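Asks: Okay, handing you the structure first.
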Amino acid sequence: MTEAFPGETDLVQRARSEADAFGELYEHYAPLIYRFVHNRLRDPTVAEDLTADVFYKALRAIDRYEARGRPFRTWLYQIAANTVTDHLRTRRPALELEAAGEQQDRGPAVDEQVAQRAEVLRVRVALDSLGEAQRLAISLKLGQDMHTADIAVTMGRSEGAVKLLVHRGLAAIRRHLDQRPGAAEEAG
């Protein structure tokens, strides 16, 4: 097993019976898992709740964790990915479409962020146009800086399949971003 930090393997073993050891794992991985969940959902409150759920599930299942060449963090990311997927399947839209237009912007003034927001929106739309597997693979690869082998284990796919998902996903994003803004509206 590849350790993410020195002593991780021993810490995981101790965490099976010592709350302090699990707390150390939490301190190390919580920011990473939160970032992953937040990147997928773009809602800080829900990301905090789901991050807590991930660690609760990990604590309850740590006795069943077996390294077998799979790092602990990969196991955590797999729990996180499944938790996000479950959340997305069961959530209801928080706002009706009409009410969403009436929401106030909590960010900086629009005139200060227009260009940046437009580009971020284009990237998000491009990401959202991908299938769930491509979006997850790209999020783990680029957003979490995971190795392809770890992503493969997390997703339950071969390394070749993950490489293909990432390659095709990035190609689709490039094609989407290379389109002239507004071209889709003009064509339709």
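The values are calculated or read from the model by the stated rules, or taken from the named source; none is laboratory data. Since we're looking at a predicted model, the values are computed, not measured. FYI the Cβ positions are ideal-geometry reconstructions off the backbone, even for glycines, and counts take in every protein chain you see. Protein only, heavy atoms only, side chains kept; ligands, DNA and RNA dropped before computing areas. Shrake-Rupley method; radii C 1.70, N 1.55, O 1.52, S 1.80 Å.
Asks: Can you tell me which residue within region 61-88, out of those that are among the aromatic types (Phe, Trp, Tyr) and either part of a helix (DSSP H, G or I) or open to solvent by 30 Å² or more (accessible area, probe 1.4 Å) (or both), is farthest from Arg124 (Cα to Cα)? Before the answer, list the steps.
Replies: Here is the first cut: in region 61-88, the ones among the aromatic types (Phe, Trp, Tyr) are 65, 72, 75, 77.
Narrowing the set further to residues that are either part of a helix (DSSP H, G or I) or open to solvent by 30 Å² or more (accessible area, probe 1.4 Å) (or both) leaves 72, 75, 77.
Working: Phe72: 30, Trp75: 27, Tyr77: 22 Å.
Taking the candidates together, the pick is Phe72.
Asks: Name every residue in region 121-162 that is open to solvent by less than 60 Å² (accessible area, probe 1.4 Å) and among the β-branched types (Val, Ile, Thr), in order of residue number.
Replies: Matches in region 121-162: Val123, Ile138, Thr148, Ile151, Val153, Thr154, Val162.
Asks: On to the next question. Considering each residue of region 49-80, count those that are among the charged types (D, E, K, R), touching a helix residue (DSSP H, G or I) at 6+ places or on another chain (Cβ under 7 Å) and under 17 Å from Glu27 (Cα atoms), and give that number.
Replies: 3
Asks: Mind checking whether some residue in region 10-20 is outside any loop (DSSP other than H, G, I, E, B), closer than 30 Å to His176 by Cα and modelled with pLDDT under 95?
Replies: No, the conditions are met nowhere in region 10-20.
Asks: Also, quick follow-up: Which one of these is open to solvent by less than 50 Å² (accessible area, probe 1.4 Å), outside any loop (DSSP other than H, G, I, E, B), modelled with pLDDT of 90 or more and more than 23 Å from Arg124 (Cα to Cα): Ala52, Ala58?
Replies: So the residue among Ala52, Ala58 that is open to solvent by less than 50 Å² (accessible area, probe 1.4 Å), outside any loop (DSSP other than H, G, I, E, B), modelled with pLDDT of 90 or more and more than 23 Å from Arg124 (Cα to Cα) is Ala58.
Asks: When only residues in region 21-49 that are among the aliphatic types (A, V, I, L, M) and within 21 Å of Arg135 (Cα to Cα) count, which is modelled with the lowest pLDDT?
Replies: Here the residue is Leu41.
Every residue, every condition in (1) over 22 Å from Lys141 (Cβ atoms); (2) free of Cβ contacts under 8 Å to residues at least 40 places away in the same chain; (3) touching a Ser or Thr at 6+ places or on another chain (Cβ under 9 Å), yes or no:
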| residue | (1), (2), (3) |
| --- | --- |
| Phe5 | no, yes, no |
| Thr9 | yes, no, no |
| Glu27 | yes, yes, no |
| His38 | no, yes, yes |
| Leu41 | no, no, no |
| Ala47 | no, yes, no |
| Phe55 | yes, yes, no |
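Asks: For region 21-49, which residues satisfy the criterion of being acidic (Asp, Glu) and part of a helix (DSSP H, G or I)?
Replies: Correct list: Glu24, Glu27, Glu48, Asp49.
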